[in-house]
There are 2 protein chains.
Amino acid sequence: MKELVTPYDVEGNVEYDSLVKNFGVDLIDNKLIERIEKLAGEPNYMIRRGIFFAHRDMNWLLDQYEKGNGFYVYTGIAPSGTMTIAHLIPFVMAQWLQEKFDAEVYIQIPDEEKFLTKKNINDLEITHGLAYEDALSIAALGFDKKKTHIFLDTEYAGTMYKNAVRVAKHVTFSMIKDAFGFTNETNIGAIFYTSLQAVGTFIKSVRDKKNVPCLIPLGIDQDVHFRIARDVVGKLGYYKPAIMHSKFLPGLKGEPKMSSSDPSKTIYLNDDPETVKRKINSAITGQQSTIELQKKYGGDPEKCSVCQYYKYLFEPDDKKLEAIFDGERSGKVLAGEHKADLTNRVNKFIENHKRERDRIRPHLEEFMLKD
Amino acid sequence: MKELVTPYDVEGNVEYDSLVKNFGVDLIDNKLIERIEKLAGEPNYMIRRGIFFAHRDMNWLLDQYEKGNGFYVYTGIAPSGTMTIAHLIPFVMAQWLQEKFDAEVYIQIPDEEKFLTKKNINDLEITHGLAYEDALSIAALGFDKKKTHIFLDTEYAGTMYKNAVRVAKHVTFSMIKDAFGFTNETNIGAIFYTSLQAVGTFIKSVRDKKNVPCLIPLGIDQDVHFRIARDVVGKLGYYKPAIMHSKFLPGLKGEPKMSSSDPSKTIYLNDDPETVKRKINSAITGQQSTIELQKKYGGDPEKCSVCQYYKYLFEPDDKKLEAIFDGERSGKVLAGEHKADLTNRVNKFIENHKRERDRIRPHLEEFMLKD
């Protein structure tokens, strides 16, 4: 299958090396990892493990930081249903960046985007409600409410539309058509939408009335929005944003990207413990076809979705992760044990997250940015 | 020259009959004129003279009115500089409709439109300032501030963007490309923009949370926005707006449409008396090439831009207009006399209008609708 990676489609076998080449981004190498660790004062497991594996202009951003010009972090999510654990990756990174670099975080929840791009979402009231659920799930990840601004496009339109128009003047249909997989049959709201996503890259500069560097942690499928935005914001007099790109959390059945539209392959933040157990039990692992073969030859943690879940989100300690991988490789630990352990961790995470959501709920408005 | 009539270009010889056919609108016939006069309680010179010459669904609108379902009036202007007297036509009609049909009036001033569609307008702050000048010029035409709502797209974006998105979902690039003369090199803000213009056709229904009939008086070049809007708003559950189309006030040099981008052919609302005099003196008339020939054969008021100015804006009394036309036809009145008289009338109008602007200025905010 031909590889296709746009914000609206991730199909086929995702070859990250070719994405790096095609998108024109740089790999995060050891030197950059060391520099980030040194400035942050501690390593970040997602960067060390190559989950965030590529970037644009990170060295420029860190130069700015070293000169005393702080940066802010911008990321977001388009609401379409309950968030999955895969959706957490850029937000976990954003929260870490906030903590270690004292960065303000702007989180855009474009509640119109899926309405415009999905045939089955026909009511903006629905995405509006989902947006607030997402805002709560994100706020519950430990963000500092004094330094975190969450906004919905429809509720911050006074600021967003005006600035989106400034972007749009410089973006023709030709420039975006192929990059987004659009045709003449695409609706004009979806065509315009990338202008709003671009505004996040200079929103703090608009609010502060001075140029502030911006760092965007995101899944690499979103890169196209910012390839276009980076060209334009320079023309508007703003810094081009730096970007850190993450890989996709694999699906439970071994798909290259965990899809939020296939419930069986995905864990949602509101799945109950039995559902989580059932889903993880049905996951593809890297183990041999029988217990006897596994004990004899061992398995491959890189092909094991259970091991990948540990790597991406559920075992931040590198040594402990290595022990888990070793158990799989050596054949000493069978799939059932890993699955049971991962199920416990995921369920504990979801339970804690729900508790945090309940705790934050009465304070959510303090995070929200409105006109 | 091929005839081209879109909101962005009016070129060549405008044949109103062929526009009526191509756009699929109906002519305003004597029966409809009588019906409007009867319900209004008085004739309207612009309708009687065929300045407003075509319509969509006016009989439906008047049926609604007779049933006791009031309608509201929606029109607008995209700011690009000082308004010309040609720009006044739909607003003069809107004010009359307000008075005679007790209609609320919504006036959209899309301060982003010319920024998006004109290469030489590169600052939204400029169009924002122009928008307020336009708002003042419109308010000064006698609108009732209790029943008139003027809004800028960027200042009412919380309402406009959300509802524009609802429209945009139903409008593909294919559907608008040819109608607006767009290409793949058109910017994505200009492509999206018609969605915002469509919102005016149901803005009162959104605010009142019930379906309210809408009537739009406009220059026929704007019809395309509403051909598209009418298809969409039906899908959103709103009434299709009724429309009354006006012809273009001819340019002073006999052009089919007075262009606001050529100062010598156009009278601006802030032209000083000497400028008005100079412009009108250089106008093309329908008179013969010499005074002797004119006295002998007379001229043609339909080809005389001076006579047309009387007809469109500066002589509402039909009998007096006929006397002016007769003077031209018979050769009894020479061009110089008509020009001197028209100059007086235009200068008096501008003087009064300026005074009205000054009077309204401190109260302008009472007309403005914001989020």
Worksheet item: If you scan segment A:162-175, which residues turn out to be closer than 15 Å to B:E125 by Cβ and within 7 Å of chain B (Cβ to nearest Cβ)?
Response: A:K162, A:V165, A:R166, A:K169
Practice prompt. Mind listing whichever residues of segment B:18-28 are surrounded by 11 or more Cβ atoms within 10 Å (Cβ to Cβ) and free of Cβ contacts under 8 Å to residues at least 40 places away in the same chain?
Written response: B:S18, B:V20, B:N22, B:D26, B:L27
Worksheet item: Listed residues A:H128, A:H149, A:H55; which is in contact with a His (Cβ under 7 Å, 6 or more places away or on another chain) and of a type outside the set (D, E)?
Response: A:H55
Worksheet item: Can you name the residue in segment B:115-154 that is crowded, with 21+ Cβ neighbours inside 10 Å and within 14 Å of chain A (Cβ to nearest Cβ) and is also nearest to B:N352 (Cα to Cα) among such residues?
Response: B:A131
Fill in: Test: residue in segment B:314-336 that is farther than 30 Å from B:K209 by Cα, among the hydroxyl-bearing types (S, T, Y) and within 24 Å of the chain's Cα centre (by Cα)
no
Discussion item. Can you say whether A:L218 is surrounded by 20 or more Cβ atoms within 10 Å (Cβ to Cβ), closer than 22 Å to A:N44 by Cα and touching a His at 6+ places or on another chain (Cβ under 8 Å), as far as the supplied structure shows?
Written reply: yes
Item to complete: Return yes or no: is A:I109 within 7 Å of chain B (Cβ to nearest Cβ), buried (at least 20 other Cβ atoms within 10 Å of the Cβ) and without any contact (Cβ under 8 Å) to a residue 60 or more places away in the chain?
Response: no
Item to complete: Only one of these is of a type in the set (V, I, T), within 14 Å of another protein chain (Cβ to nearest Cβ) and not in a helix (DSSP H, G or I): A:T183, A:T159, A:T194. Name it.
Response: A:T183
Fill in: Hits in segment A:30-64 (condition: touching a Gly at 6+ places or on another chain (Cβ under 9 Å) and buried (at least 21 other Cβ atoms within 10 Å of the Cβ))
A:R56
Practice prompt. Output the number of residues of segment A:147-180 satisfying the condition of being more than 23 Å from B:I109 (Cα to Cα) and without any contact (Cβ under 8 Å) to a residue 40 or more places away in the chain.
Written response: 5
Worksheet, complete the sentence: Conditions (1) in contact with a Pro (Cβ under 6 Å, 6 or more places away or on another chain); (2) modelled with pLDDT of 95 or more; (3) within 23 Å of A:E302 (Cα to Cα) -> A:P43 fails only (1)
Worksheet item: Has segment B:221-239 got any residue that is of a type outside the set (V, I, T), buried (at least 22 other Cβ atoms within 10 Å of the Cβ) and more than 26 Å from A:N187 (Cα to Cα)?
Response: no
Worksheet item: Is it true that some residue in segment A:269-280 is under 19 Å from the mean Cα position of the chain (by Cα), crowded, with 17+ Cβ neighbours inside 10 Å and not assigned by TED's automatic domain parsing to the domain that holds A:I138?
Response: yes
Worksheet item: Can B:K67 be described as under 19 Å from the mean Cα position of the chain (by Cα), surrounded by fewer than 20 Cβ atoms within 10 Å (Cβ to Cβ) and modelled with pLDDT of 95 or more?
Response: no
Practice prompt. Determine if segment B:296-305 includes at least one residue that is of a type outside the set (D, E, K, R) and surrounded by fewer than 21 Cβ atoms within 10 Å (Cβ to Cβ).
Written response: yes
Response to the item:
segment A:254-371: helices (runs of 4 or more DSSP H) wholly inside it with 3 or more residues that are closer than 22 Å to A:L88 by Cβ are A:273-281, A:305-309, A:318-330, A:335-360
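The values are calculated or read from the model by the stated rules, or taken from the named source; none is laboratory data. As the structure is a computational prediction, the values presented were derived from the model and not from experiment. Methodologically, a virtual Cβ is constructed for each residue, glycine included, from the backbone with ideal geometry; neighbour enumeration extends over all protein chains shown.
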